[in-house]
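Asks: Mind having a look at this structure? Questions to follow.
Since every read-out is calculated from the coordinates, none of them should be taken as a lab result. Quantities reported herein were computed from a predicted structural model and do not represent experimental measurements. Here the Cβ positions follow ideal geometry from the backbone for every residue, glycine too, while neighbour counts run over all protein chains shown.
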Amino acid sequence: MKTELSPAMEKRLAKLAKAAGRTPAEMLPYVMQDGFEFNEDFVRKVNESIAEADAGKTVPHAQVVKEIEAIIQQHGRPKKAA
């Protein structure tokens, strides 16, 4: 199957690919499947998250485990006795 992209779409694809650290050919299947808007938003959020992590804005593992355990206790089934 051959797909023709307008010059504007080619430019948009190139910009998206650069932001994702990929080539336009690598990004095209994702755009064809999910659309530009979804992929642009996804790549933006991933890049923002990487920047936050690089800046040290992370949650310690122990805190995450504690919060997950609290959620499981609140919403999960009671544990069976051994």
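Asks: If I take all pairs of Cα atoms in the chain, what percentage of them are more than 18 Å from each other? If you can, show how the numbers build up before the last one.
Replies: Details: 2004 of 3321 pairs.
It works out to 60 percent of all Cα pairs.
Asks: How high is the relative contact order of region 1-54, in percent, with contacts defined as C-alpha pairs under 8 Å that are six or more residues apart?
Replies: For region 1-54, the relative contact order is 27 percent.
Asks: Can you compute the helix-only [θ] at 222 nm over the chain? Use -39500 (n - 2.57) per DSSP H run of at least 4 residues, normalise by all residues, nearest 500 deg cm²/dmol. Don't jump to the answer; show the numbers that get you there.
Replies: Details: 4 runs with 59 residues, N = 82.
Calculated at 222 nm, the ellipticity per residue is -23500 deg cm²/dmol.
Asks: Mind checking which of 29, 58, 73 is farthest towards the positive end of the chain's charge dipole, using Cβ charges of +1 (Lys, Arg) and -1 (Asp, Glu) about the Cα centre?
Replies: Looking along the dipole axis, the top candidate is 73.
Asks: Suppose every K and R has +1 on its Cβ and every D and E has -1 on its Cβ; what is the size of the dipole of the chain about the Cα centre, in Debye to the nearest 20?
Replies: On the way: 13 positive and 12 negative charges, 61 e Å.
The calculation lands at about 300 debye.
Asks: Grab the Cα-Cα distance for residue 4 and residue 23, subtract it from 0.36 nm times how many residues apart they are, and report the gain in nm with one decimal. Show your work: numbers first, answer last.
Replies: Numbers: separation 19, 0.36 × 19 = 6.84 nm, distance 1.71 nm.
Stretched fully, the residue 4-residue 23 segment lengthens by 5.1 nm.
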